[in-house]
Amino acid sequence: MERNERKQQFALDVETPDLAARKLSGMKEGSGGQSSAPPPEACLNFVTNTLELHCFLPPCLISDRCLQRSALCKMYIWFTLVAGLAVLAFSVIKTRFPYFSEDCAYMLRSLRFGIRLVKYKKTKPFYSIVDCFLDAVKRFPSKVFVHFEGRDYSYGEVDKQSNKVARALQTDARLKEGDAVALFLANEPSFVWIWLGLAKLGCAAALLNFNIRSKSLLHCFSCCGAKVIIVSPELQEAVEEVLPSLREQGITVYLLSDNCGVQGINSLSDKISHASDQPLSRDLRANVHIRSTALYIYTSGTTGLPKAAFITHEKMWAASFIQGVCGVTAEDIMYINLPLYHSAGFLIGMTGAIERGITIILKRKFSASQFWDDCRKHNVTVMQYIGETMRYLCNMPKKDNEKNHKVRIAIGNGVRTDVWTEFLNRFGDIKVRELYAATEGNIGFINYTSKIGAVGRVNFVHKFFFPYTLIKFDIEKEEPVRNSEGLCIQAARGETGLLVGKITRRTPFVGYAGNQLQTEKKRLRDVMKKGDLYFNTGDLLRFDHENFVYFQDRVGDTFRQVVAQWKGENVATSEVADILTMARWILEANVYGVKVEGHEGRIGMAAITLKEGQEFDCADTYKQVVNYLPSYARPRFIRIQPCLEMTGTFKLKKVKLVEEGFNPAQITDSLYFLHSEKKTYVPLTEEIYRAIGSGEIKL
C-alpha cells in the first residue's frame, strides 16, 4: 500500500514539471526562488523513485509525456554530477598546478612544431626556409615584408630583388651550391634579399659583426672558408684596412655601390640592377638537406678571437619556430632593432617572420626615444629586446600615452627582475617571453608564463626532445664536480649547477668552423654514465621547486658587456688581453667582468702588470684599445697589480678580482677609468666612482 502511494505521488510530481524541478534542485515552494544544493540523500531518493516508477508501473500507465520528463530528469542529474566533478577537478588542478593550462598550451604548440620539423626532415626534396618564403610570396605577394625608413618592401618585391642578387653573383662571382659568402653589412633591407639570393643558390652566409676590425675581421672571414665578401658602403674603410691581406688570399670583395674607385673592390649594385628578376631553378640547391650548413654566426669564446658557429638548416628551422611557440600569428607586426648578424635578430626575428608570414619593421639601431612612437606609427604588436634595451626604455621620461600602443608580446633575453616589473607597470600588460639559449648550443628554454625573473620552465615534453641536466660545478676550479666513479653529480632542486645538454642525433652540437680545439672543449664526456656526451653551455642555472628555470651566472672566460651600440655583446676576455699586451709597457693582462649598479651583465675590467722600468701610459693605452677593439670590448676599468695570481694549474685567478670590483676606497692598487670624452684613461677617484654609481657618468 505504501509502495503504491509513493508511485502515485511521484507520478503526480512528474506530471507537475515545476514541482519536480524544485524538488530536484532543493527548492521549496514559498522560498522566494532561493535555491540551495540538494542533500545527497535527496538525489538518491529521487533516482530510486524514478527507477521504481519505471519498474513497477504497467506500461499502459506510463504516458509518453511522463517518460520524456523522466528521461530529462535523469539527464539533468548526470549533467549536474559531471559538471560538479569537472569544476572540482579544475579547482584542484588550478590550486596544485597553477600553470597547468599554460604548460598544456606550450606542450601542444611544441609538439605541433616538432611534428613539422620531423616532416621537413623526411621531405624530398628538402623544404627549407627559402621554400617557406617562396610559398609566402605565392600566397600574398603584395603583403609588406620589410618596412625600413619610410619605405615598404613587399614579399613579391623582396623575392624579385633576391633573384637579381642571385643571378648577378652567379654570373660575376661564379657562385655555386656549397660556396660560403661573408656578409659585412649594416641593418638594412639589402641584408635580407642578399641572404635570400645566396640561399637560392645553395650558398652558406657568414654573418660578420660590423663592429670588428683588423685582425678579428680577417680571422672571422677566413675561418668560414669564404672566397667572397659583400660590404656596405659605410664599412668600406674597415675593409680597406685589410684589403692587402684579402687580395693575397684571392678574395673577391664586392661593395654595395654602383661604382668604386679602389683597386681590388668591385661594385655590385650596378650588376644587380641589370640582372634578371626571373625565378631561379630549385635544382641549383638540389643537394641541400636538413643538416647542411645554412649560416655561420659568430660567438665569442676563450680563444682570443670570435668563433664561427655552424648553423644548419635544422637549427634555423628550430629557431624560426620560437615566434610561433610564443604565440605570434600571421596578423602580427614585428619590430626588429637588434643587429641581423646576431642569432636573435636574424634567426628568431627575420627567419621567424618568414615562418609566420608577417611584416617586420627594421631599424638600423635601437633608439629608446623613437621606440614607442615607431610602435604606434606602424601598429607593432611584437617586439624584440635584450636586457639593456628594456632598461633604457624604462629610463626614458614618463609620458601620459605610454600604454597607448598595440604591443602584446616581447621576445628576448637578459632582462633583470626589477626592470621587468617596471616595464610592465609602465607600458602595460605585455607578455614577456624571456629566453635562454646559445647560438651554437643544443638546449634552450622559454618562459611562456607570466612569472617574472624566470628564463623558462621544466616539463617532460621539452626534456624528451631536448635531454639535459644540471650538474654540480666548482667555481674556483672552473670544472664539474665528479664522484669516485668519475661521473658528474646532478645538482639538487633549488641548487645552482652547470647546464649541459645531451648530444644526440636529434640534439646535435656541430661545433665551430675551422676550430676543432674549441669544439672539443665544449664537449663533456662521462656525465651521467660512462661514454655519454654532453654540450657544456658554460652557464650556471637553477631549477626551483615550481619547475621554473633561473639564469644565475656565466663561467669561464666570457662575460657580457653592455655598453655596446647594440646594448649587449659577448666579449672574449682573452681577446682583450691579447690586445692589451701588445702595448710595450704591459707585461700581462687578466680581463674579467665586474658588476656596476644599474647596469645589466658585467662591464669590462683588466688587471695588468707593467714591464720592468715602464710606467702606465694613459693616452697610448686608450689609443691601443680604441684602434684594435670594438667599443663594447674595451675595458672601462684598469687595475695595476705587482703580479697576477695563478691557480695550481697556472690559470689566472678571476673570482677574487670580480668580487673586489673597482671601488677605489677598498682597493689599494692603482685604478684607471676609460674617459670617452677626454679620450684617455684617467685615475679612478672616489668622485668618479660615485658618479658612475649614480648614473652621472654614462658607460
Quiz item: So Gly352 fits all but one of (1) in contact with a Gly (Cβ under 7 Å, 6 or more places away or on another chain); (2) within 23 Å of Lys200 (Cβ to Cβ); (3) without any contact (Cβ under 8 Å) to a residue 60 or more places away in the chain; what number is the exception?
Solution: (1)
Quiz item: When the residues of the range 510-532 are filtered to those that are touching a Leu at 6+ places or on another chain (Cβ under 8 Å) and of a type in the set (Lys, Arg), which remaining residue is nearest to Arg291 (Cα to Cα)?
Solution: Arg523
Quiz item: Yes or no: Val461 open to solvent by less than 20 Å² (accessible area, probe 1.4 Å), touching a Leu at 6+ places or on another chain (Cβ under 9 Å), at pLDDT below 95 and not assigned by the TED database to the domain that holds Pro306?
Solution: yes
Quiz item: So which helices (runs of 4 or more DSSP H) are wholly in the range 251-333 and hold at least 1 residues that are under 30 Å from Ser450 (Cβ atoms) and not assigned by the TED database to the domain that holds Val510?
Solution: 313-320, 322-325
Self-check item: Hits in the range 137-168 (condition: among the acidic types (Asp, Glu), outside any strand (DSSP E or B) and surrounded by fewer than 19 Cβ atoms within 10 Å (Cβ to Cβ))
Solution: Glu149
Quiz item: Which one of the conditions (1) touching a strand residue (DSSP E or B) at 6+ places or on another chain (Cβ under 7 Å); (2) part of a helix (DSSP H, G or I) does Asn536 fail to meet, given that it meets all the rest?
Solution: (2)
Quiz item: Within the group Glu575, Glu569, Glu546, Glu495, which residue is within 23 Å of Leu295 (Cα to Cα) and modelled with pLDDT under 95?
Solution: Glu569
Exercise. Take the range 126-162 and flag every residue that is closer than 17 Å to Ala199 by Cβ and touching a Lys or Arg at 6+ places or on another chain (Cβ under 7 Å).
Key: Val130, Tyr155, Ser162
Practice problem: Determine which single condition Glu188 fails, assuming it passes every other condition in (1) among the charged types (D, E, K, R); (2) within 27 Å of the chain's Cα centre (by Cα); (3) open to solvent by 40 Å² or more (accessible area, probe 1.4 Å). | Solution: (3)
Practice problem: Return yes or no: is Gly202 open to solvent by 30 Å² or more (accessible area, probe 1.4 Å), in a loop (DSSP other than H, G, I, E, B) and not assigned by the TED database to the domain that holds Ile579? | Solution: no
Quiz item: When both residues are 6+ apart or on different chains and their Cβ atoms are under 9 Å apart, which pairs have a first residue that lies in the range 488-512 and is on the phi > 0 side of the Ramachandran plot, and a second that is open to solvent by 10 Å² or more (accessible area, probe 1.4 Å) and part of a loop (DSSP other than H, G, I, E, B)?
Solution: Gly494/Asp544; Gly494/His545; Gly511/Glu440; Gly511/Lys522
Quiz item: If a residue has to be exposed (fewer than 11 other Cβ atoms within 10 Å of the Cβ) and under 36 Å from the mean Cα position of the chain (by Cα) to count, how many in the range 665-690 make the cut?
Solution: 1
Exercise. Within the range 86-115, count every residue that is out of contact with any helix residue (DSSP H, G or I) (no Cβ under 8 Å at 6 or more places or on another chain), modelled with pLDDT of 90 or more and either assigned to a helix (DSSP H, G or I) or assigned by the TED database to the domain that holds Val325 (or both).
Key: 7
Quiz item: Out of all the residues in the range 415-436, is one or more among the β-branched types (Val, Ile, Thr), open to solvent by less than 10 Å² (accessible area, probe 1.4 Å), in contact with a Pro (Cβ under 8 Å, 6 or more places away or on another chain) and at pLDDT 95 or above?
Solution: no
Practice problem: Kindly indicate whether Phe346 is of a type in the set (Phe, Trp, Tyr), open to solvent by 10 Å² or more (accessible area, probe 1.4 Å), modelled with pLDDT of 95 or more and out of contact with any helix residue (DSSP H, G or I) (no Cβ under 7 Å at 6 or more places or on another chain). | Solution: no
Practice problem: Report yes if Ile129 is more than 26 Å from the chain's Cα centre (by Cα) and either modelled with pLDDT of 95 or more or among the β-branched types (Val, Ile, Thr) (or both), otherwise no. | Solution: no
Quiz item: On the given criteria, is Lys656 of a type in the set (Lys, Arg), surrounded by fewer than 13 Cβ atoms within 10 Å (Cβ to Cβ) and outside any helix (DSSP H, G or I)?
Solution: no
Self-check item: Residues of the range 582-616 satisfying the condition of being open to solvent by 20 Å² or more (accessible area, probe 1.4 Å) and more than 30 Å from the chain's Cα centre (by Cα)
Solution: Met582, Arg584, Leu587, Glu588, Leu610, Lys611, Glu612, Gly613, Gln614, Glu615, Phe616
Practice problem: Kindly indicate the residue of the range 334-347 that is touching a Gly at 6+ places or on another chain (Cβ under 7 Å) and assigned to a loop (DSSP other than H, G, I, E, B) and also farthest from Ala410 (Cα to Cα) among those meeting that condition. | Solution: Pro339
Quiz prompt | Enumeration of residues in the range 292-306 that are out of contact with any Pro (no Cβ under 8 Å at 6 or more places or on another chain) and open to solvent by 10 Å² or more (accessible area, probe 1.4 Å) | solution = Ser292, Thr293, Tyr296, Thr302, Thr303, Leu305, Pro306
Quiz item: If only one of Thr496, Thr519, Thr507 is closer than 30 Å to Pro98 by Cβ and more than 20 Å from the chain's Cα centre (by Cα), which one is it?
Solution: Thr496
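The values are calculated or read from the model by the stated rules, or taken from the named source; none is laboratory data. Small disclaimer: the values here were computed from a predicted structure and weren't measured. Cβ sites come from the backbone with ideal geometry, for glycine too, and all protein chains shown count toward neighbours. Quick note on the areas: whole protein, heavy atoms, side chains included, nothing else; ligands and nucleic acids left out. Shrake-Rupley method; radii C 1.70, N 1.55, O 1.52, S 1.80 Å.
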